[in-house]
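Computed from the coordinates by the stated procedures, all read-outs in this text should not be read as laboratory data. All figures in this text were calculated on a predicted structure; none of them were measured in a lab. Reconstructed Cβ throughout: ideal geometry from the backbone, glycine too, with neighbour counts over all protein chains shown.
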Amino acid sequence: MERIRYTPSPHYKWAAALALALGFLSAWIGRNWMPALIPASLFLVSAVLLGFLATRPPIEMDREGLTLGRLRISWTDLVRVDSTGYRAPLILRLVLRDERKVTLVHPGDLESSQDLFSNLKKLASAAMIDGVPAGERLGARRSVKALPSPRYRVLRPEDEAEVERLYQLLKTHKTLDDK
């Protein structure tokens with residue numbers, strides 16, 4: 001397997017620049033009209049957050065391990081991977097063998113985030129993913145059985161009996177007309 005590289009989406013840079021511009025515009029308007037300072041502060045906070053996400057280092061994976069910026073984690077050192085529910089940007093909590101906790105933030109699009117998470121599940125074969133040990137993850141995939149579809153009651157029993165009686169009558173007469 002070659003090295004896979006996940007970089008931040010370029011949309012975060014453009015969104016940060018737009019939020020910054022709108023923040024300065026709102027601040028300029030706020031010089032004469034004080035309520036405009038509220039959206040100015042919100043735009044500036046958003047610009048800082050989006051700028052932080054846009055400047056995250058790339059995430060690289062290969063057979064030996066995972067690289068987060070300058071931090072190199074081998075697959076044998078990775079003990080647990082917990083998802084937070086955020087998928088775009090993808091935020092995962094990693095627990096290492098020496099009890100260190102690392103937060104992985106990947107500000108990519110949804111497809112890139114899903115690809116990163118599925119590759120992480122495959123390559124971190126000894127780690128627990130969301131509290132499920134590796135052996136149970138692999139065994140559960142093999143033993144998936146299709147459940148029978150549930151049968152919902154649409155009619156009351158007396159209505160079902162009436163429908164059955166009309167069906168039998170239709171089968172014997174081949175028509176519903178009396179003629």
Would you calculate the separation in nanometres between label points at Glu64 and Asp109, each defined as 7 Å from the Cα along the Cα-to-beta-carbon direction?
3.2 nm
Under a straight-distance cross-link criterion of Cα-Cα below 17 Å, which aspartates and glutamates are reachable from Lys101, leaving out those fewer than 8 residues away in the same chain?
Asp77, Asp82, Asp130
From the list (i) 60; (ii) 34; (iii) 46, can you say which value of percent of Cα pairs over 24 Å apart was derived from the structure given?
(i)
Counting pairs of alpha carbon atoms under 8 Å apart in space and at least six apart in sequence, what relative contact order in percent does the chain give?
17 percent
Excluding residues on the same chain fewer than 8 positions from Lys145, give the lysines whose Cα lies under 26 Å from its Cα.
Lys121, Lys122
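Magnitude of the Cβ-charge dipole of the chain, K/R +1 and D/E -1, about the Cα centre, nearest 20 debye? Could the numbers behind the result be given before it?
Numbers: 27 positive and 20 negative charges, 87 e Å.
Around 420 debye, computed over the chain.
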Write out the GluC sites (Glu not before Pro) in the range 1-104 meeting two conditions: DSSP loop, and at most 11 other Cβ atoms within 10 Å of their Cβ.
Glu2, Glu99
Mean-square fluctuation maximum in Gaussian network of the chain, Cα pairs under 10 Å, restricted to Leu44, Leu22, Leu169, hits Leu169
Helix 11-30 axis, angle to the chain major axis (alpha carbon atoms, nearest 10°)
70 degrees
So which residue, out of Arg97, Arg153, Arg72, gets the largest mean-square fluctuation from a GNM of the chain using Cα contacts under 10 Å as springs?
Arg153
Could you compute the longest span of the chain free of chymotrypsin sites (Phe, Trp or Tyr not before Pro) located in DSSP loops and having at most 10 other Cβ atoms within 10 Å, not counting the site residues?
34-151
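Of all trypsin sites (Lys or Arg not before Pro) in the range 1-64, which ones are in loop regions per DSSP and have a Cβ with at most 16 other Cβ atoms within 10 Å? Kindly include the intermediate steps, with their values, before the conclusion.
Values: sites: Arg3, Arg5, Lys13, Arg31, Arg63; in loops: Arg3, Arg31, Arg63.
Passing sites in the range 1-64 are Arg3, Arg31, Arg63.
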Listed residues Leu90, Leu166, Leu20; largest mean-square fluctuation, Gaussian network over the chain with Cα springs below 10 Å, found at Leu166
Name the aspartates and glutamates eligible as straight-distance cross-link partners of Lys13: C-alpha to C-alpha under 15 Å, and not fewer than 8 places from it in the same chain.
Asp109
